[in-house]
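Notes follow the structure.
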Amino acid sequence: MKAIITAPSSSLPRLRLLLLLLLLVIHFSEQTRAQTTTYKNISSDITLTTSGTTTSWLSPSGVFAFGFTPSPANTSLFLLGIWFAKTDERSIVWTANGNSPAPEGSKFNLTSNGQLLLTDPDGVKIFSSDATGGSHAAMLDTGNLVLIDANSGETIWQSFDQPTDTILPSQVLSSSTSLQSRLSDTDFSDGRFSLYQRDGKLQLSQVAIPTTGTYEPYWSSDQVVAGATLFFDPSGYVVYFDPSTDNTSTAGFNVTRVNLDSSSSSEFYQKATLDPDGVFRHYIYPKKSNGRWGNTWNIVDSAPKGTLCQRSIPDDYYGSGLCGYNSFCQMDPGDDQRPTCKCPYNYSFIDARAEYKGCSPDFAAQSCHVDDTSRFRFMTMTGTRWPRSDYEHYTNLDAEQCTELCLHDCFCAVATFRDGECWKKRLPLSNGRRDDSSSITRAFIKVPNDGAPNNSFGQPPLPYEPAENPTTKKECPKTLVVVVSSLLGGSLLANLILIAYTSMLNSGKSEGKKKKQFSLRKMMLSSTLHPLLLLQLLLLSQLLLILGHFPEQSRAQTYQNISLGTTLSTSGTTTWLSPSGDFAFGFTPLPSNATTLFLLAIWFAQTVDKTIVWTANGNTPVPAGAKLQLTSNGLTLTDPTNNNIWSATETSAASYAAILNTGNLVLMGTTSNDPIWQSFDNPTDTLLPTQVLLRGTQLWSRLTSTNYSDGRFTLMLQDTGDLTLRQLAIPITTKQSYDPYWSISTSDSESKLIFNPSGTVYLELTNNTRINITSASVGSNAAADFYLRATLDSDGVFRHYVYPKKTNGGWPQGWSSPDYVPEDICRALTNGFGSGVCGFNSYCRLDGNQRAVCQCPYNYSFIDGRNEYRGCMPEFAAQRCDVDDSLQFFFMEMVNTDWPLSDYEYYAKVTEDNCRDYCLSDCFCAVAIFRNGECWKKKLPLSNGRFGSYVGGKALIKVSKNDTSSMPPQTLPTLIVNKKDRKGLIIVGSSILGGSVLVNVLFIVATLFMMFCYPCKRKHLHLHDNSSDLELGFRRFTYEELHEATHGFSEELGKGAFKASANEEAVVLVYWAYDCYRDRRLDILVASDREAVFDMSRVERFVMVAIWCIQEEPSLRPTMQKVTLMLEGSVAVPVPPDPSSYMSSIQ
């Protein structure tokens, strides 16, 4: 039997008193800890403070509290908010100062003028109600804070009308109010998502941070009616309905709903919150312990529903998506199905406390200037994709081919592969999502190989090595003679004009010595310039002009019919001529290769430039020793080791071949008068008069003006009869094209493209309807008076060309293009994939002859100056994401320039300063476009760049303050020579005045001879823009300035020629000419000469020959016989070295 212990009766009063005191202590201790007071009416004499006697007010039932609460993100700061006071966790449902938490010592009160006011310790306003004249305020049991008018007793302000991220039962959102999520679970500043009403629909959208603008909705309700309201019915559902009706359940759209009956709904606290991940969730919390529901906030419904990561953000959406840039969204496996954000392999969060900021690579980026593909490999992630980050798309590939394409593309960060399709992705990656249940999609993340040197925060390497210090160069003790001459043709009576020669002796000589005067006799007798060399120059100029007049017939033979057994070779008999001599077929040197390679081609034999119109082996040029054989099996091209390179063979036996006067190479059979094979049926990039393009056939542009391999554009007469111009994906070997950038629809599958002899290219339909494409516009005798061709050029333009057969005062003696399509290629070509007309990070503009010119933005340079389609790269290290180095960058403006398909963020109704700030503070932003109050942020690589007045606005190019020496993109380059090492520098300029157009060779020959000066090294040269000249202490001079200052190059550049600055700088024009050649900017040399612009391949050949002729090392200079062959095009011109490279190499 258990003992029962009882207290003495005298102890009971004490026990009762102790219990009463305990209850009072508990009650008051709770009030002391929370400093909370319950008020029905809050008057102006009551103040809330961050510490002290009263920090918050309770509603009458004690369910809600209003007042100060520590900010979860920083407990030394305070939020003024409303929260559930009886739940285990303080669930905040409204804040007055989420964007600006208050410091310790702040206070809130109802002012004497009847306004609710929050101030900091210095009395500075942080928040206030927009209404005044209130007599008192009240914290209601609904969770609504109200301000009551002193006269009418009506509510003049309430928190229910100023919602933040949550609505409560009985709350109504009018059509003019919205919810905005907080930034994170602990950061109550305005977040990245908004719930609002538009056009009778309730919508969820991402906010364009840091503005209040929104992107296109990622969720939308059914349409109700304009002016509809969102109502939280206390019975357990949130409905969007027409307020003019009485029945919300039948006249609206249920956004969320909990299946609770009217009696049980009172047993729960409820709220509906737009969470930081962009989901509008309906929560309940049991007021008492419940076996089904835990003592926590339970999610009962949400919008949108389902797998959020896969459905929430459209693929064509701006912004980062649910997660930050370079991260991906993955659903938690738990019951609440919340999305979590993660980084890919070898990436890490920029700020682990703010994952919405995204991730950045933990390694140095791949270089575009050197081949470092061996540094990288791929990590595979199944079910992962970033659908908004594509810049190239391929089909009919396997996974290995997909990764190879990405590996050899320095811009590619990730490749995604699914069902034979491959997408290349650029940083920053956006809208990332992952579904572990799906293995169909695979993402290949490009990361460094194990052991490769990593950069801990993804800082890209500098794209170039620091230049050698120019001050360490040895000075030249000898006299340096620089001769610059231009050989622009004229009649043979007067065609070499050597205008200027000036000289300065070593500066170490006596200052009082008189200036040397120009003397041709002294120059001829000078030991530094042998008379034979001058004679060689004179002969070279004459040969250059004479050779332009005569067709290349020295090693060609004319055939009517070419019999079986005939052979062509790269030496011996190299060509067959047509009966008229207008066309030649055979071997011709490849212009773009430094070694001696040959094309088997057809070309105009009577034009100066020997324009090629067809090639058999553009993709596989052959070396010397190759040969072409005609046998009964057809035509066969073999290399010196007898490998078959190309063949034209048919099942029928061949009897002979012929190159016709039309430019058509035909192979005739033994049983028919029709060719069994002909070049007209197998075109490359050109159509000739009488040629017909049938459906299913196409023209294919060459890669560059001197590279005859398959290029980036096609003109195709499709099986449907439509004529289209398309761009091809890089690399060309994938044979994949984008959508047409120009087309003519016929709906006639039997249509054909015809080039008639009268000079018109047209589509002919089966009903004999003609649709003109291009026209020569040279009269009815076009074929008699002109050579004609229509070529799909390497810039994607289909041009109609004419060349006068005789001197014609109205036409230049060269190729002119009177008609072409499209009219403006820069504007016409805008594909969702690919780089556009020009390469990535470059832009397209039209020159004075309406030809596309590709250029790099400020502080960017071409990856490969000889292959501009490869694009440009920054000349500076990218902005970092791990630290704030925004002060190291600024913007260079480029008006009327845009890259319209590289956006990843968009803002409306902003200022230019806003636009600059948004890009400067974003480490992913490379360029910002500002136009008419709108701002677009761009990411690398930039694509579809164009310049023109039609663009409008301006591009703000983010560049580093540590490297601002690049020339402006639209400024012609000029040379600057360092002040040091100027001894013995002599500058000679020349001016060329052309004669008859017939023999104008459009070329500037720069000649440099230096004898017995082995210690010399080339002066340190730069191409600079105007803005940086003064900063570097240099003064640059244009050609016009030099011409004027030397009175037509008749005076030396000594003291007084340029006033005080003449002794400080020198301009070496020969190096300027070489730099223009090296940088693929020969157009600068002939900018004012229309004829030359139309024939840049010939200009380049002549410049290359000239550079060989002026090599400082005599053994490098070609013989006159070699020069003759190179000028006439019989021998390939190797790529010349820097004129001073020999002298540099022996130092």
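The values are calculated or read from the model by the stated rules, or taken from the named source; none is laboratory data. For clarity, every value in this text was computed on a predicted model and none was experimentally measured. Here the Cβ is made from the backbone with ideal geometry for all residues, glycine too, and neighbour counts use every protein chain on show. Areas reflect the complete protein model, heavy atoms only, side chains present, ligands, DNA and RNA absent. Shrake-Rupley method; radii C 1.70, N 1.55, O 1.52, S 1.80 Å.
A few notes on this one:
- Ser737 long-range amide H proximity, modeled H, under 5 Å: Ala729
- Each Lys or Arg adds one and each Asp or Glu subtracts one; over the other residues with Cβ under 14 Å from the Cβ of Leu407, this totals -1.
- A simple count of charges around Ser737, restricted to other residues whose Cβ falls under 10 Å of its Cβ and scoring Lys, Arg +1 and Asp, Glu -1, yields +2.
- Distance in nm between pseudo-label sites at Arg1078 and Ser44 (7 Å out along the Cβ direction from Cα): 8.1
- When each of Lys357/Lys425; Lys425/Lys735; Lys735/Lys939 is checked by Cα-Cα distance, pairs over 22 Å: Lys735/Lys939
- Computed on protein heavy atoms with a 1.4 Å probe, the accessible areas place Met139, Met873 in the order Met873, Met139, largest first.
- 19 Å Cα-Cα threshold exceeded, pairs from Lys201/Lys305; Lys342/Lys938; Lys610/Lys806: Lys342/Lys938
- Accessible area per residue was computed with a 1.4 Å probe on protein heavy atoms; Asp795 scores about 20 Å².
- For the range 570-627: accessible area per residue (Å², 1.4 Å): 26
- Share of carbon and sulfur in the accessible heavy-atom surface of the range 170-252 [1.4 Å probe, %]: 44
- Pairwise FRET efficiency - Asn849 versus Ser61, Cβ, R0 = 60 Å, nearest 0.05: 0.15
- Rounded percent of accessible protein surface that carbon and sulfur make up, the range 894-946, 1.4 Å probe: 49
- Extension gain, Thr245 back to Asp130 (0.36 nm per residue minus Cα-Cα distance, nm): 38.3 nm
- On the basis of the beta-carbon distance and an R0 of 35 Å, Gln888 and Asn346 show a calculated FRET efficiency of 0.85.
- The range 779-826-the range 118-135 distance, computed between alpha-carbon centres (Å): 76
- For the range 755-772 and the range 670-704, distance of Cα centres in Å: 17
- Working note: Karplus 6.51/-1.76/1.60 with θ = phi - 60° gives the range 584-589 the couplings 10, 10, x, 8, 9, x Hz, where Gly and Pro are set to x.
- Protein-only accessible surface order, largest first, of His800, His408 at 1.4 Å: His408, His800
- The slack in the chain from Glu650 to Thr212, taken as 0.36 nm per residue of separation less the alpha-carbon distance, amounts to 150.7 nm.
- The candidates Thr638, Thr75, arranged from most to least accessible area with a 1.4 Å probe in the full protein assembly, appear as Thr75, Thr638.
- Percent accessible area from carbon and sulfur atoms, the range 653-809, protein chains only, probe 1.4 Å: 45
- Cys881 accessible area, 1.4 Å probe, all protein chains in place, Å² to nearest 10: 30
- Ile645 long-range amide H proximity, modeled H, under 5 Å: Leu637, Thr638, Asp639
- Protection proxy ranking of 767-774, 1110-1117 - average other beta-carbon atoms within 10 Å, highest first: 1110-1117, 767-774
- Between Arg90 and Asp161, the FRET efficiency estimated from the beta carbon spacing at R0 = 35 angstrom works out to 0.90.
- Arg1078 accessible area, assembled protein chains, probe 1.4 Å, Å²: 100
- Phi-based couplings in Hz for the range 172-188 (Karplus 6.51, -1.76, 1.60; Gly and Pro marked x): 10, 9, 6, 5, 9, 10, 8, 10, 10, 4, 6, 6, 8, 4, 10, 10, 8
- Around the amide H of Ala605, modelled in the peptide plane, lie the amide H atoms of Phe583, Ala584, all under 5 Å away and 5 or more residues distant in sequence or on another chain.
- Cβ-defined net charge surrounding Asn99, 13 Å radius [Lys, Arg +1; Asp, Glu -1]: -2
- Between Asp185 and Leu77, the contour length at 0.36 nm per residue exceeds the alpha carbon distance by 37.3 nm.
- Accessible area in square angstrom per residue, the range 103-231, 1.4 angstrom probe: 41
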